[in-house]
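Working notes, structure below.
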Amino acid sequence: MYLPIGGDMAVRTKAIVGIFDLDNTSTSKRTRSFLDRAEALGQVVPCDDLPKTFVVTTPPGKKTGEDMVYLCQLSTGTLKKRSKK
């Protein structure tokens, strides 16, 4: 099953590690460090609009260091509703 995260993007639900609110979590130094490192490694997929959330995924069979971060303009509540369909 796939979760549509806005635009033309969808991620596999089994690969989702977490869905995080960008405003609340970006105040943490660890989160900012994680996002900066992911961007430097080319693991961030941007969105067309102002991002509200980020979705962290690890593809099945891959190592934890191969995470992908998808920036998304939808709220965490909207993504939660979509995941329950």
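The values are calculated or read from the model by the stated rules, or taken from the named source; none is laboratory data. Fair warning: this is a prediction, and the values are worked out from it, not measured in the lab. Cβ placement follows ideal geometry from the backbone for every residue including glycine, while neighbour counts extend to all protein chains displayed. Only protein heavy atoms, including side chains, enter the accessible area calculation; ligands, DNA and RNA are left aside. Shrake-Rupley method; radii C 1.70, N 1.55, O 1.52, S 1.80 Å.
I'd like the carbon and sulfur percentage of the solvent accessible area for the chain, probe radius 1.4 Å, heavy atoms only, ligands and nucleic acids excluded. Carbon and sulfur together cover 51 percent of it. Placing a pseudo-label 7 Å from each Cα along the Cα-to-Cβ vector at residue 37 and residue 81 gives an inter-label distance of 3.5 nm. The order of the peptides 2-11, 36-45, 21-30, 70-79 by mean Cβ neighbours within 10 Å, most packed first, is 70-79, 2-11, 36-45, 21-30.
For the chain, the number of Lys pairs with C-alpha atoms closer than 16 Å, counting only pairs eight or more positions apart or on separate chains, is 7. Each Cα pair of the chain feeds into the Kirkwood radius, which the Stokes-Einstein equation turns, at 25 °C and 0.890 mPa s, into a diffusion coefficient of 188 µm²/s.
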